[in-house]
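Q: Quick one: this structure, given as structure tokens, is what I'll be asking you about.
Values quoted throughout were computed directly from the atomic coordinates according to the rules given, and no laboratory measurement underlies them. Predicted model, so just to flag it, every value in this text is computed and none were measured. When we count neighbours, we look across all protein chains shown, and the Cβ atoms used for this are built from the backbone with ideal geometry, even at glycine.
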Amino acid sequence: MIYSRIIATGGYLPARVMDNAELVSMIDTSDEWIQERTGIRKRHIAAADETTCDMAEQAARKALAAAEIDANTIDQIIVATTTPDWIFPSTACLLQERLGINNNCAAFDVQAVCTGFIYALSIADKFIRSGEHKRILVVGADVNSRIIDWTDRGTCVIFADGAGAVILEAGTEPGIYSTHLHANGKYTDLLNVPAGVSKPGDYPYMKMKGNEVFKFAVNTLGDIVDETLAANNLTKSDIDWLVPHQANIRIITATAKKLDLPMERVVLTIAEHGNTSGGSIPLALDSAITAGDIKPGEILLLEAFGAGFTWGSALIRY
Ligand code: UT7
């Protein structure tokens, strides 16, 4: 059997930090409300000329350095993003060039919004398990600040910018035990950016019915926890760490409760990072691994929920 496993991670956050006080000076909100309702204290916002590919490059370089491998041994690049630099080429192709990878490896983007990294990880895992590829760079990166309406207090206090990367490698031991992907296109009106190429629209910013998204997310993530454990014949007590998408501390707490997991076993970056969409899970993973909290051999449950709706999970032995 061939399995995939994470051999290295990397993360990048833009230099500019925006705290809640700055938002209070812009819109009708308060530090207390934001912290209590979302768990966010501050977030990072990209510079005016800083792009998704710029952030992806920094995160990928850190992961490559941590893995101590030559970039040209990567044989696939997947970038999960909803905010690509260009319509085309894909951000993954731009990244391949930036990293000096000249081995003609496959490179493509995946668009599943906040669940994008889980989708990308799942695809990469399949390529490795099939024996087709041995080393895959998976990046999640989003520059949400470009699609935020800074007058909409229902979204601008939550979303932020950042990128995370992992390198997956083929091995004889798992690694990734299973991934679970879902979507339901019935709920597009609850969370969207109603503008694009074939349907331009006049409001190219996020629109979210937050409270309805919240309720759906809590229920759905509870279900995917059950699905993931059942698929692997595991019980809640087998999970060492929950590595959740950092959307709202109250959603994360509800999922931890479902797992009977104390919050010390939940990777939390939301207070400092906000919700970085595709970047959120790989950034959280990188922060807990580089801090030495997640140790080799431990079992991790990764989960995410986002626009689409899309949702997914991955069960991993680190
Ligand atoms: O990334 C993946 C997908 N996204 C998510 O998972 C996000 C899910 N949703 C959420 O995180 C939460 O719904 C929010 C943080 C967006 C909102 O929290 P909430 O507890 O659901 O608030 P709400 O929308 O029910 O609004 C409650 C009150 C309202 O005032 P009234 O009508 O009760 O007077 C809002 O107008 O809070 C008000 N409000 C605010 N007040 C201060 C909404 N946003 C703010 C704000 N500051 N920023």
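Q: Where in the stretch 144-196 are there chymotrypsin sites (Phe, Trp or Tyr not before Pro) that are in a DSSP coil and have at most 14 other Cβ atoms within 10 angstrom of their Cβ?
A: Listed in order of number, the matching sites are TRP150.
Q: Under unit Cβ charges (Lys, Arg +1; Asp, Glu -1), what dipole magnitude, rounded to 20 debye, does the stretch 30-89 have relative to its Cα centre?
A: 240 debye
Q: Now a separate question. What distance in nm separates the two pseudo spin-label positions at ALA106 and VAL197, each 7 Å out from Cα along the beta-carbon direction?
A: Rounded to a tenth, the inter-label distance reads 2.1 nm.
Q: How much length would be gained if the chain were fully extended between VAL17 and ASP238, taking 0.36 nm per residue of separation minus their Cα-Cα distance, in nm to one decimal?
A: 75.9 nm
Q: Within the chain, which whole H helices from DSSP have a Cα span along their axis of at least 27 Å and a mean Kyte-Doolittle hydropathy of 0.0 or more, if any?
A: Answer set is 210-231.
Q: Could I have the simple spin-label model distance between GLU173 and MET1, label points 7 Å from Cα toward Cβ, reported in nm to one decimal?
A: Those two pseudo-labels are separated by 1.4 nm.
Q: Using unit Cβ charges (K, R positive; D, E negative) and no other charged atoms, how large, in debye to the nearest 20, is the dipole of the stretch 3-171 about its Cα centre?
A: Once rounded to the nearest 20, the dipole reads 500 debye.
Q: Post the alpha-carbon centroid distance, the stretch 1-15 to the stretch 105-120, in whole angstrom.
A: 14 Å
Q: Filter LYS62/LYS207; LYS42/LYS295; LYS62/LYS295 down to the pairs with a C-alpha to C-alpha distance above 23 Å, please.
A: Flagged as over cut-off: LYS62/LYS207; LYS42/LYS295.
Q: Tell me, Kirkwood radius of the chain from alpha-carbon pair distances, in Å?
A: One over the average 1/r among Cα pairs gives 19.3 Å for the chain.
Q: What GluC sites (Glu not before Pro) does the stretch 265-318 have in DSSP loop regions with at most 16 other beta carbons within 10 Å?
A: Those that pass, being in a loop and sparsely packed, are GLU298.
Q: What FRET efficiency, computed as 1/(1 + (r/R0)^6) with R0 = 51 Å and r the Cβ-Cβ distance, is obtained for LYS186 and ASP28, rounded to the nearest 0.05?
A: Efficiency at R0 = 51 Å is approximately 0.95.
Q: List the GluC sites (Glu not before Pro) within the stretch 1-96 that fall in a DSSP loop (any state other than H, G, I, E or B) and whose Cβ has at most 10 other Cβ atoms within 10 Å.
A: Answer in residue order: GLU68.
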